[in-house]
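Inspection log for the structure reproduced underneath, given as structure tokens.
The values are calculated or read from the model by the stated rules, or taken from the named source; none is laboratory data. This is a predicted model, so every value here is computed, not measured. For neighbour counting, all protein chains shown are included, and Cβ atoms are generated from backbone atoms with ideal geometry for every residue, glycine included.
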């Protein structure tokens, strides 16, 4: 007769799984923010060519880009438009 031996080995997959999930969430939101930033920039460029639009001061483009990125990150962090959730669904197979 053979006795079975049970080893108490800690399950290291749980912290790793949680870390992987957190990385996937961050990547999905970062990607969504990147897409939203690009969309906001395109919209802003389209509107800047309208007649009667005042001339932009020097350096406005840099600050406008940073503002678009900040707005896009805030939109994504606040739930976004659903792109991050779709990506997460496919990344985590849930």
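Just a few scattered comments:
- On inspection, residue 15 fails the criterion of being out of contact with any strand residue (DSSP E or B) (no Cβ under 8 Å at 6 or more places or on another chain), surrounded by fewer than 10 Cβ atoms within 10 Å (Cβ to Cβ) and at pLDDT below 90.
- Hey, residue 36 in contact with a helix residue (DSSP H, G or I) (Cβ under 6 Å, 6 or more places away or on another chain), at pLDDT 90 or above, assigned to a helix (DSSP H, G or I) and surrounded by 11 or more Cβ atoms within 10 Å (Cβ to Cβ) or not: yes
- Entry remark, segment 56-94: residues being in a loop (DSSP other than H, G, I, E, B) and at pLDDT 70 or above number 6 in total.
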